[in-house]
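Enquirer: Can you keep this structure in mind? I'll have questions shortly.
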Amino acid sequence: MQCTNNLKQIGLALHNYHDVNGRFPPGYFVGLDDSDPDDNPLRYCWFQTILPFVEQTALSDSVQTDIKAGRVPWEFAQRATVVNGFMCPSDPANPKVGSIRGFHGNYVVAHGGGQSLKARDNERNANGMFYVASRTRIADVIDGTSNVAMVGEIVLVPDDVDRRGAYYMIGWRTANATLALRDTPNSAAPDAGNFSALVDYLPHAPAVDSNEWLRMNARSYHPGGVLVGRADASVSFVGDTVDLTTWNRFGNRNDGQVLGEL
């Protein structure tokens with residue numbers, strides 16, 4: 001399955017980044033002051049950092065040029081570049097390229113189990129592997145790399161305003177590229193955030209508008225479940241009926257609990 005291979009390659013790229021830098025990339029980058037426009041060029045995510053490791057050196061070079069020039073992500077020259085390895089072939093919304101946010105993808109890294117992110121970038125200590133300014137090392141994955149989710153999939157919607165899966169971010173609303181293992185896969189519980197697709201894309205992508213909490217649940221068009229890449233770069237299919245406690249523990253890197261059967 002192409003989606004499995006895509007997740008595998010992303011997992012390996014994250015590990016290659018770790019090999020070079022001694023840690024995994026931050027889930028997303030933000031400034032310390034949400035109101036300071038000088039922080040805006042920092043507002044990109046893990047996606048841009050691993051481009052050299054997925055045979056996208058030219059795109060990476062363009063992004064780095066924009067960052068060094070102090071441009072904001074929604075003005076990056078190549079933000080509309082589609083990277084096939086970040087799209088699930090089963091999602092009919094692909095390829096999604098927003099007029100402002102550029103390329104959206106189906107694959108996002110896991111920020112924790114049982115958690116939503118607080119709005120305005122103040123969640124800097126989530127229990128998963130990737131969050132604001134995270135510097136997670138393999139040694140920090142106390143529960144073992146085979147027992148912790150690293151990257152999963154979401155579904156996209158053909159709505160230019162909807163932020164889910166946007167790798168190039170705007171303002172302080174930056175939780176567009178991380179996954180919440182909070183509700184079971186393909187849950188009827190809505191994603192939360194500053195979205196526009198409140199009811200139009202049911203049942204695959206329910207959403208509720210929120211300025212306080214941000215989360216994207218694992219979703220796919222694969223029958224019966226979703227694919228998830230583990231922290232050891234292996235990929236597993238997890239069914240929609242997985243036990244919720246087990247699913248929450250799968251997102252937590254260091255709770256010390258026995259994972260159970262997925």
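Enquirer: Condition (residue is over 24 Å from residue 89 (Cα atoms), over 12 Å from the mean Cα position of the chain (by Cα), modelled with pLDDT under 85 and part of a loop (DSSP other than H, G, I, E, B)) applied to the range 133-153: is it met by at least one residue? Before you say what the answer is, go through the steps one by one.
Expert: Residues of the range 133-153 that are over 24 Å from residue 89 (Cα atoms), as a first pass: 133-148.
Right, trim to over 12 Å from the mean Cα position of the chain (by Cα) and you get 133-148.
Those left that are additionally modelled with pLDDT under 85: 133.
Now narrow it down to the ones that are part of a loop (DSSP other than H, G, I, E, B): 133.
Yes, there is a match, as at least one residue in the range 133-153 is over 24 Å from residue 89 (Cα atoms), over 12 Å from the mean Cα position of the chain (by Cα), modelled with pLDDT under 85 and part of a loop (DSSP other than H, G, I, E, B).
Enquirer: Given (1) of a type outside the set (Gly, Ala, Ser); (2) outside any loop (DSSP other than H, G, I, E, B); (3) exposed (fewer than 15 other Cβ atoms within 10 Å of the Cβ), identify the lone condition not met by residue 257.
Expert: (2)
Okay, residues lined up against (1) out of contact with any strand residue (DSSP E or B) (no Cβ under 7 Å at 6 or more places or on another chain); (2) of a type in the set (A, V, I, L, M); (3) surrounded by fewer than 14 Cβ atoms within 10 Å (Cβ to Cβ); (4) without any contact (Cβ under 8 Å) to a residue 40 or more places away in the chain:
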residue	(1), (2), (3), (4)
46	no, no, no, no
53	yes, no, no, no
75	yes, no, no, yes
78	yes, no, no, yes
84	yes, no, yes, yes
90	yes, no, no, no
106	no, no, no, no
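Enquirer: Take the range 199-209 and flag every residue that is part of a loop (DSSP other than H, G, I, E, B), at pLDDT below 75 and over 18 Å from residue 108 (Cβ atoms).
Expert: Hits for the range 199-209 are 199, 200, 202.
Enquirer: If you scan the range 236-253, which residues turn out to be surrounded by 15 or more Cβ atoms within 10 Å (Cβ to Cβ) and part of a loop (DSSP other than H, G, I, E, B)?
Expert: 240, 242, 252, 253
Enquirer: A further question follows. Among the residues of the range 211-234, which ones are at pLDDT 95 or above, closer than 21 Å to residue 131 by Cα and not in a loop (DSSP other than H, G, I, E, B)?
Expert: 227, 228, 229, 230
Enquirer: Okay, moving on. Scan the range 7-31 and report the pairs whose first residue is within 11 Å of residue 50 (Cα to Cα) and whose second residue is part of a helix (DSSP H, G or I) and small (Gly, Ala, Ser), with Cβ atoms within less than 8 Å and a gap of 6+ or a chain change.
Expert: Correct list of pairs: 9/85; 10/85.
The values are calculated or read from the model by the stated rules, or taken from the named source; none is laboratory data. Predicted model, so just to flag it, every value in this text is computed and none were measured. Using ideal geometry, Cβ is built from the backbone for each residue, glycine included, and neighbour counts are taken over all protein chains shown.
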